[in-house]
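All remarks here apply to the structure that follows.
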Amino acid sequence: LLALQWKKEENFPMWYSDVIVLSEMISYYDISGCYILRPWSYKIWDLIQQWFNEQLLDLDVENCYFPLFVSQDRLEKEKDHVEGFAPEVAWVTKSGETELAQQIAIRPTSETIMYPAFSDWIKSHRDLPLKLNQWSNVVRWEFKDPTPFLRSREFLWQEGHTAHATYEDADKMVMQALDLYKQVYQDLLCVPVVPGYKTEKEKFAGGHMTTTVEAYIAGSGRAIQGATSHNLGQNFGKMFDIKFQDEKGETKIAWQTSWGLTTRTIGVMVMVHGDDKGLVMPPKVSPLQAVIVPIISKKLTGETADPYCKAILKDLRKLGIRAKYDDRAMYNPGWKYNHWEQKGVPIRIEVGPMDIEKKQTRIVIRHNGEKMDLPVEGLGSVIATKLEEIQKTMFEKALKARDEHIAKVTEWKDFVPNLELNNLVLTPWCGGEHQDWEEWVKKTSREESLKARGEEGEDERTATSVAAKTLCIPFDQPELPEGTKCIASGLPATCWCLWGRSY
Ligand SMILES: O=C1CCCN[C@@H]1CCCn1cnc2ccccc2c1=O
């Protein structure tokens, strides 16, 4: 099956699952919610990890590795933190034919695995700050529709866990981590995100405050949480007895953070940039940034093309450009064009008989189809510059598409009509602590959406997917004129809140 069977605008979910298979990113697996990450997608995670690890050095965060398994006692140390998540926990209950005396959980996240050790290690303020990061897989036995990269039962992530002497130090760490996430999305993946606070209803219950970066998927008109960074306060310190002697010899409880970014990043990138020819890769994370295709014919044999193309390849690689010379004789140029377009390679370099004669080459830019003839002389640095331009243009294009779909709304009558236009909605809000009114918006937006679609009485599952929820209270707050009313409660608005249908 060589061509995409679905158009992105016609059937977004089918287009997505087609693209990730045809581009050789994913293969399916016989256990629901589990997927094979093939080299073409794993390399993206590799590149994200390389960049992220560089940044961790500057933040004095060290990598480590904790066990995959956690005892039931530890996992359930603090009931109310886990109860909401309990159905997602995967348990090991036997080895071979033998039942285990105590069932053991597979980590869904590592707070309860790490923090007893934190308690052992942290005795004095001199042991602080403790800043650790772990790259690993985690398992969450979700029941909502699994989607490769976006929602799977096992996924790869990094989880940062830090302990500090003061609230302020912890809060600074939370924001530094969130800024790394913003850079991963905007600077590496060319995906614009809105950084902000989660409301009380949407935050991590075990923490004090949650921050997030929210992305927008134009294909579905939905928002998606890109990554999250929590200020845990002293909650886990109290639970796991993480105490230290401060300079005055007084015993204090540590202030903590935890923050995570997952392979969901890859799915978001595919959805935002992909088109009807397949993947469109941002150069910074593309496994291949340029592919050289010789147009072999009677007028141009392999042995004439080889030295010319290999010289171009050398020139590119010398500048650190991830390039490949596709000299496979069993595929014709047309097949190769289609293949590398589906895989989203940013630049194709075509070499035909005329090109060799004129010491030039024809390059084709994947994201906008632009073609141009360039001299082979100095080609490497021209390609390097082109790649930077592509990175910038792709982000600007996504930013425009996202901004066109954020509607500022102050009256409730305009809320659902904007959701129906695939918009996110920015509204005056009475404050993140008003969970009751947040619930009201969720329920009312669902009912009004179903009515607008003439689907009253739709079954619960579908209905939930049309409800709007709070995405975040953006750090970047527009002017809020005195006396502005909350769009739902009519109470005095204290902030602007971003809403949307979401994944
Ligand atoms: O977000 C992050 C970032 C990385 C470190 N962990 C925090 C908080 C995770 C919240 N969470 C999420 N799913 C869970 C599933 C089962 C048990 C516990 C949990 C759980 O605590």
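The values are calculated or read from the model by the stated rules, or taken from the named source; none is laboratory data. Only a predicted model underlies this, so the values are computations on that prediction, with no experimental measurement involved. Glycine gets a Cβ as well: all are built from the backbone with ideal geometry, and neighbour counts include every protein chain shown. Remember, those area values only see protein heavy atoms, side chains included, never the ligands or the DNA or RNA. Shrake-Rupley method; radii C 1.70, N 1.55, O 1.52, S 1.80 Å.
Structure values in brief
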read-out	value
So residue 28, is it touching a Pro at 6+ places or on another chain (Cβ under 9 Å) and surrounded by fewer than 18 Cβ atoms within 10 Å (Cβ to Cβ)	yes
Condition broken by residue 407, with the remaining ones in (1) in a loop (DSSP other than H, G, I, E, B); (2) in contact with a strand residue (DSSP E or B) (Cβ under 9 Å, 6 or more places away or on another chain); (3) surrounded by fewer than 20 Cβ atoms within 10 Å (Cβ to Cβ) satisfied	(1)
Unmet requirement for residue 350, which otherwise passes all of (1) in contact with a Pro (Cβ under 7 Å, 6 or more places away or on another chain); (2) within 23 Å of residue 274 (Cα to Cα)	(1)
Filter pass, residue 73 being more than 12 Å from the ligand (Cβ to nearest atom), within 28 Å of the chain's Cα centre (by Cα) and of a type in the set (Asp, Glu)	no
From the options 44, 48, residue that is open to solvent by less than 30 Å² (accessible area, probe 1.4 Å), within 16 Å of the ligand (Cβ to nearest atom) and within 23 Å of the chain's Cα centre (by Cα)	48
Search result, residues across the range 246-261 that are in contact (Cβ under 8 Å) with a residue 24 or more places away in the chain and open to solvent by 80 Å² or more (accessible area, probe 1.4 Å)	247
Matching strands (runs of 3 or more DSSP E) fully within the range 243-341 where at least 2 residues are out of contact with any Phe, Trp or Tyr (no Cβ under 7 Å at 6 or more places or on another chain), more than 21 Å from residue 375 (Cβ to Cβ) and not polar (S, T, N, Q)	243-245
Selection from the range 159-203 of residues that are more than 13 Å from the ligand (Cβ to nearest atom), β-branched (Val, Ile, Thr) and more than 23 Å from residue 500 (Cβ to Cβ)	166
Yes/no for residue 206 being in a loop (DSSP other than H, G, I, E, B), within 15 Å of the ligand (Cβ to nearest atom) and touching a helix residue (DSSP H, G or I) at 6+ places or on another chain (Cβ under 8 Å)	yes
Subset of the range 108-138 (residues that are open to solvent by 10 Å² or more (accessible area, probe 1.4 Å) and away from the ligand (no atom under 16 Å from the Cβ))	119, 120, 121, 123, 124, 125, 126, 127, 128, 129
Criterion: part of a helix (DSSP H, G or I) and either touching an Asp or Glu at 6+ places or on another chain (Cβ under 7 Å) or of a type outside the set (Phe, Trp, Tyr) (or both) - qualifying residue of 49, 5	49
Which numbered condition residue 60 misses (of (1) at positive phi; (2) surrounded by 15 or more Cβ atoms within 10 Å (Cβ to Cβ))	(2)
Residues being farther than 23 Å from residue 91 by Cβ and within 13 Å of the ligand (Cβ to nearest atom) - total across the range 139-158	1
Pick from the range 262-313, criterion of a type in the set (Lys, Arg) and within 19 Å of residue 187 (Cβ to Cβ), ranking: least open to solvent (accessible area, probe 1.4 Å)	264
Qualifying residue in the range 250-266 (condition: touching a strand residue (DSSP E or B) at 6+ places or on another chain (Cβ under 6 Å), farther than 30 Å from residue 118 by Cβ and at pLDDT 95 or above)	no
Restricting the range 351-381 to residues that are part of a strand (DSSP E or B) and polar (S, T, N, Q), the residue that is most open to solvent (accessible area, probe 1.4 Å)	360
Hits in the range 215-242 (condition: open to solvent by less than 10 Å² (accessible area, probe 1.4 Å), assigned to a strand (DSSP E or B) and within 15 Å of the ligand (Cβ to nearest atom))	224, 226, 227, 229, 231, 232, 233
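For every residue, the table says whether it meets (1) in contact (Cβ under 8 Å) with a residue 12 or more places away in the chain; (2) farther than 18 Å from residue 236 by Cβ; (3) of a type outside the set (Asp, Glu).
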| position | (1), (2), (3) |
| --- | --- |
| 53 | no, yes, yes |
| 57 | no, yes, yes |
| 114 | yes, no, yes |
| 124 | yes, yes, yes |
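Conditions tested, residue by residue: (1) β-branched (Val, Ile, Thr); (2) open to solvent by 40 Å² or more (accessible area, probe 1.4 Å); (3) more than 34 Å from the chain's Cα centre (by Cα); (4) at pLDDT 95 or above.
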| residue | (1), (2), (3), (4) |
| --- | --- |
| 316 | no, no, no, yes |
| 319 | no, yes, no, yes |
| 334 | no, yes, no, yes |
| 339 | no, no, no, yes |
| 346 | no, no, no, yes |
| 349 | yes, no, no, yes |
